[in-house]
Amino acid sequence: MGTLEAILLGIVQGITEFLPVSSSGHLQIAKELLGVQIDENLSFDVTLHAATVLSTLVVLWPEVARLLRGLFRRGMNEEKSYLLKLIVSMVPIGIVGFLLKDQLNALLDSPAILAVVGAMLLLTAALLAFAYYAKPRPKEQISYRDAFIIGLAQACAAMPGLSRSGSTIATGLLLGNKKAAVAQFSFLMVLAPIMGETLLQLVSGELSTGIGTLPLAAGFLAAFVTGCLACKFMIEVVKRGRLIWFALYCAAAGTVSLLSYFA
């Protein structure tokens with residue numbers, strides 16, 4: 001894979017990481033369209049995810065800083081409670097990552113990946129549609145129970161094509177949580193899992209396997225810049241409740257992906 005292809009894939013990742021359209025699914029579709037072959041798909045994908053984690057920290061830094069300040073204050077407080085909820089939400093994806101990492105990596109290299117992505121995009125469309133039309137009474141804050149259920153949604157979204165942000169935001173809304181609170185929680189809950197996976201690959205020396213340093217850096221930078229823009233945009237979209245347009249897009253993209261595989 002060359003530098004230009006890495007930049008294009010980074011842009012795809014940065015834009016779609018925060019939009020509820022599945023970054024992993026679009027990344028696989030983009031690889032197919034560009035004819036890109038990577039020895040270690042998961043290593044490259046984790047690098048791009050690390051870039052979008054950094055963009056999340058930049059965009060949501062005021063909230064992250066507030067949580068960190070609260071962490072070092074004495075006694076239980078709102079910030080510590082919120083951090084505990086984030087930890088609770090991370091448990092399911094941690095279990096999935098530990099038990100199914102090899103299977104997920106193998107799935108990315110499967111000849112049927114477009115069919116899997118297409119089916120999961122259709123599921124994403126259904127979730128977003130349900131969340132759009134459901135009108136539960138908004139809760140004042142996300143509970144520990146809701147945090148765990150949203151975490152289960154994130155774990156399911158390890159499947160390529162099932163949008164992580166779409167699944168977690170839709171689940172949070174269906175549980176009756178406020179739009180802005182769900183969007184922020186969804187973007188913050190992914191920070192530790194991705195940073196942990198990136199650190200593990202750095203320590204093991206696997207992160208750059210199958211791709212050169214320059215393309216890897218170019219893809220990282222492209223994902224970071226576009227991720228910053230997409231994160232700000234998506235927070236406003238969720239506040240305004242316009243998820244139905246993304247449901248329609250996912251339905252169309254999923255249909256095209258399935259047709260491309262079976263054609």
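The values are calculated or read from the model by the stated rules, or taken from the named source; none is laboratory data. Quick caveat, the model's predicted, so the values are computed rather than measured. Ideal geometry is used to build each Cβ from the backbone, glycine not excepted, and the neighbour counts take in all protein chains shown.
Condition first: of a type in the set (Ser, Thr, Tyr), modelled with pLDDT of 85 or more and buried (at least 23 other Cβ atoms within 10 Å of the Cβ). Can you find one or more residues in the stretch 30-52 that meet it? Outline the logic, then answer.
From the stretch 30-52, those of a type in the set (Ser, Thr, Tyr) are 43, 47, 52; that's our starting set.
Now restrict to residues that are modelled with pLDDT of 85 or more: 52.
This time we only want the ones that are buried (at least 23 other Cβ atoms within 10 Å of the Cβ), so: 52.
Yes, the stretch 30-52 contains at least one residue that is of a type in the set (Ser, Thr, Tyr), modelled with pLDDT of 85 or more and buried (at least 23 other Cβ atoms within 10 Å of the Cβ).
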Checklist entry - Of Leu202, Leu259, Leu248, which residue is at pLDDT below 85 and not charged (D, E, K, R)? => result Leu202
Next on the checklist: Checking the structure you have, find out if any residue of the stretch 113-132 is surrounded by fewer than 13 Cβ atoms within 10 Å (Cβ to Cβ) and either polar (S, T, N, Q) or at pLDDT below 90 (or both).
Outcome noted: no
Checklist entry - Among (1) crowded, with 23+ Cβ neighbours inside 10 Å; (2) part of a helix (DSSP H, G or I), where does Val21 come up short? => result (2)
Item to check | Pairs where the first residue, in the stretch 231-246, is basic (Lys, Arg) and surrounded by 22 or more Cβ atoms within 10 Å (Cβ to Cβ) and the second is outside any helix (DSSP H, G or I) and modelled with pLDDT of 80 or more, C-beta under 8 Å, 6+ apart | outcome: none
Checklist entry - Within the stretch 71-79, can one find any residue that is at pLDDT 90 or above and in a helix (DSSP H, G or I)? => result yes
Item to check | Given (1) assigned to a helix (DSSP H, G or I); (2) aliphatic (A, V, I, L, M); (3) touching a strand residue (DSSP E or B) at 6+ places or on another chain (Cβ under 6 Å), number of the condition Leu107 does not satisfy | outcome: (3)
Checklist outcome for this item: Quick count over the stretch 133-172, residues being closer than 16 Å to Trp245 by Cα and surrounded by 17 or more Cβ atoms within 10 Å (Cβ to Cβ), is 6
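Being small (Gly, Ala, Ser) and touching a residue at least 60 places away in the same chain (Cβ under 8 Å) narrows it down to one residue among Gly172, Gly176, Gly166; which is it? If you could, list the steps in order and put the result at the bottom.
Numbers: Gly172 fails: touching a residue at least 60 places away in the same chain (Cβ under 8 Å); Gly176 fails: touching a residue at least 60 places away in the same chain (Cβ under 8 Å).
Among Gly172, Gly176, Gly166, only Gly166 is small (Gly, Ala, Ser) and touching a residue at least 60 places away in the same chain (Cβ under 8 Å).
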